[in-house]
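What follows is calculated from the coordinates using simple rules that are stated; it is not laboratory data. Please read these numbers as outputs of a predicted model, since none were measured by experiment. Positions of Cβ are backbone-derived with ideal geometry, glycine not excepted, and every protein chain shown enters the neighbour counts.
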Amino acid sequence: MTSFRRIALIVAAIAWWWAMSVFTPWAPSLAPRLWLFDALYYGWFVLLAWALVEAGLAWRRWRDRGERAFAWFVALIAVVCVAWMYERTDLGLRAKVRFSDAALRASASLPYDTPRHRAGHFLIDTVREPIAGQPWLWLGRPYGGGTGTRRALVLVRGAGGEGGVAPSHPRGTYAFRRIAGEWWLAEMR
């Protein structure tokens, strides 16, 4: 019974992570799904509580099977750390841009004001080009229905390598940082 609960917890955690990703069938849709966001938000706390209960039960049996419990704990921590780094850190953002480079470049060549679509590991709410030759790919959320993140990936051709020129914007209301190669991240100040 214990292994069934742990396997069910792992399957539920993977399903939750997938449901929060850009790879779901509903991610490119513009329909607002705030109910889905709420369900996933509170589902995180249910999964966390379940994991804590499982950890407590494993701790009680520590003397009997210490090595197995420790191995489960290390594996769980490793998976959570990698998933968190992928979603929330600059290292994860840089990796996603590198993995998605071909798809992002294809999106950058789409016409002005292209509607929401998936490009590699990203959802692009719209494609704009406020400065000629610098396409801006506005990033979205999988459950937001086009609400956006106030962040854009900007392609500055010829800015690869060290010392490349940062993008510019006519209004100057954005902060820029280099992500990978010719890609820069624009964030509203």
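Where nothing but the Cβ of Lys and Arg (+1) and of Asp and Glu (-1) is charged, how large is the charge dipole of the chain around its Cα centre, in debye to the nearest 20?
That gives the chain a dipole magnitude of about 320 debye.
Ratio of alpha-carbon Rg to the 2.2 N^0.38 Å globular estimate for region 6-65, to two decimals, please.
1.47
Cα axis of helix 34-60 to longest principal axis of the chain: angle in degrees, 0 to 90, nearest 10?
So the inclination is approximately 40 degrees.
Net charge near residue 30, counting Lys/Arg +1 and Asp/Glu -1 over other residues with Cβ under 14 Å of its Cβ?
Counting the neighbours of residue 30, the net charge comes to +2.
What does the convex hull of the alpha-carbon atoms of the chain project to on average, in nm²?
If I average the Cα hull's projected area over directions, I get 13.2 nm².
Sort 31-41, 128-138 for me by packing, meaning the mean count of neighbouring Cβ atoms within 10 Å per residue, highest on top.
The most tightly packed comes first, giving 128-138, 31-41.
Mind pulling the angle between the C-alpha long axis of helix 66-88 and the longest principal axis of the chain? Nearest 10 degrees, somewhere in 0 to 90.
20
Place +1 on the Cβ of every Lys and Arg and -1 on the Cβ of every Asp and Glu in the chain, take the dipole about the Cα centre, and give the residue among 76, 25, 149 whose Cα lies farthest towards its positive end.
76
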